1. Just going by the charge dipole of the chain, with Lys and Arg at +1 and Asp and Glu at -1 on Cβ, which of A11, L333, Y249 is farthest out on the positive end?
2. In what sequence do Y342, Y87, Y188 fall when counting other Cβ within 10 Å, fewest first?
3. Let me know the Kirkwood hydrodynamic radius for the stretch 2-358, please, with Cα pairs as the basis and the value in Å to one decimal.
4. Let me know the Rg and Dmax you get for the stretch 187-247 when you use only its Cα atoms, in Å.
5. Hey, got the dipole for the chain? About the Cα centre, +1 on K and R Cβ, -1 on D and E Cβ, debye to the nearest 20?
6. Of V127, V155, V15, how do they rank once you tally other Cβ atoms within 10 Å and put the fewest first?
7. Note down the Stokes-Einstein diffusion coefficient of the stretch 97-191 in µm²/s, whole number, using a Kirkwood radius over alpha carbon pairs, 25 °C, and 0.890 mPa s.
8. Using the 10 angstrom Cβ neighbour count as an exposure proxy, how do D293, D71 rank, fewest first?
Amino acid sequence: MEMTLRWYGAAFDTVTLKQIRQIPGVTGVIATLYDAKPGEVWSREKIRGLREEVEAAGLHISGIESVNVHDAIKTGASERDEYIAHYIETLENLGKEGIHLVCYNFMPVFDWTRTELARMRPDGSTVLAYTQKAVDALEPEKMFSSIEKDMNGTVMPGWEPERMQRVKELFEMYRQVDEEKLFAHLKYFLEKIMPVCDQYDINMAIHPDDPAWSVFGLPRIITNQKNILRMMRMVDNPHNGVTFCSGSYGTNPENHLPEMIRSLKGRIHFAHVRNLKFNSPTDFEEAAHLSSDGSFDMYEIMKALYDIGFNGPIRPDHGRMIWDETAMPGYGLYDRALGAAYLNGLWEAIEKSSDRRAS
Ligand code: DNO
């Protein structure tokens, strides 16, 4: 396991590489070319520039989150082969620069969805939150404007303003796409990219849909154990793997997180570990990473990762906004640093107690 932090790049992130390096136990960053549009080829020069910048700060790139998949690929449109060719070129360039992990998602229209970005908790911290009632009362086109004011002037992943202006058009593109078609389009994409992943040893790690159910009637498939195992089998290559995101799968209380982790042995290439607090089955808010602050048993999650021999990057995920920090909601420095320290502590304890039991 390697502890990492997500970093959006100097032009977009309020957190610096120097700060990341000072978090004990964090050695890698999960980086991206944040201004690359889905479908664009990432040039080798740009990737190298990013790598060198990260290395100059005494860190290294542990993976990319995300190389976004163009909607033509997700909808199976006639131009998809062209965009798959671009994706392959990006993967080749990443491989040549020594990057072997790519996180992506296959969510239609919206990436992760929350209805509040700054819900106040009793201790005065603020968190992202979701209520089904709020989603049901909202027109999809109004989703962006309803949360924009709480973005603190940042651009949030998957919620780029240019994209949000096209919501109506995007909905139209997905009108004919149901779950079965989405599965078929994902299979088509993966089959085409696996040869280049084999060649450069690139692990593809699909991010679950967040929340793990259909929103606004759009199909969502990466939601539970059955579907994710179906996806693993339909393209049965070890490079076809997952980002195990506890906070996304965990939005559905029927997902038994440690059991899901155990069932994905060998196919979890990346882990996002965070906690949620349920106020009702359809109202959840994000919490500190600590088990007692939310609804998940974080020890059991880390233990399951340890037990399957997980050796990829882990990152703490969305943090609370605390200590008067102003940052991208979920992606401030302070609470994610606390999260990294806590997860490292759990890991050390699990590692040492199992060594002792073995000897
Ligand atoms: C939100 C993130 C997602 C994730 C993408 C992966 O904070 O978990 O935006 O990065 O879905 O492609």
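1. Y249
2. On the way: Y342 19, Y87 27, Y188 16.
The most exposed by this proxy come first: Y188, Y342, Y87.
3. Numbers: mean 1/r = 0.0487 Å⁻¹.
After inverting the pairwise mean of 1/r, the radius is 20.5 Å.
4. Over the stretch 187-247's Cα set, Rg and Dmax evaluate to 12.5, 39 Å.
5. Working: 40 positive and 53 negative charges, 121 e Å.
The dipole of the chain has a size of about 580 debye.
6. Values: V127 27, V155 15, V15 22.
Fewest-to-most Cβ neighbours within 10 Å comes out as V155, V15, V127.
7. Numbers: Rh = 15.8 Å.
The Stokes-Einstein estimate is 155 µm²/s.
8. Details: D293 18, D71 22.
If I rank by nearby Cβ atoms, fewest first, I get D293, D71.
Each reported figure results from applying straightforward, stated rules to the coordinates on display, with no laboratory input. What you are looking at is a predicted structure, and each value in this text was computed from that prediction instead of being measured. Neighbour counts are summed over all protein chains in view; Cβ atoms, including those assigned to glycine, are modelled from backbone coordinates with ideal geometry.
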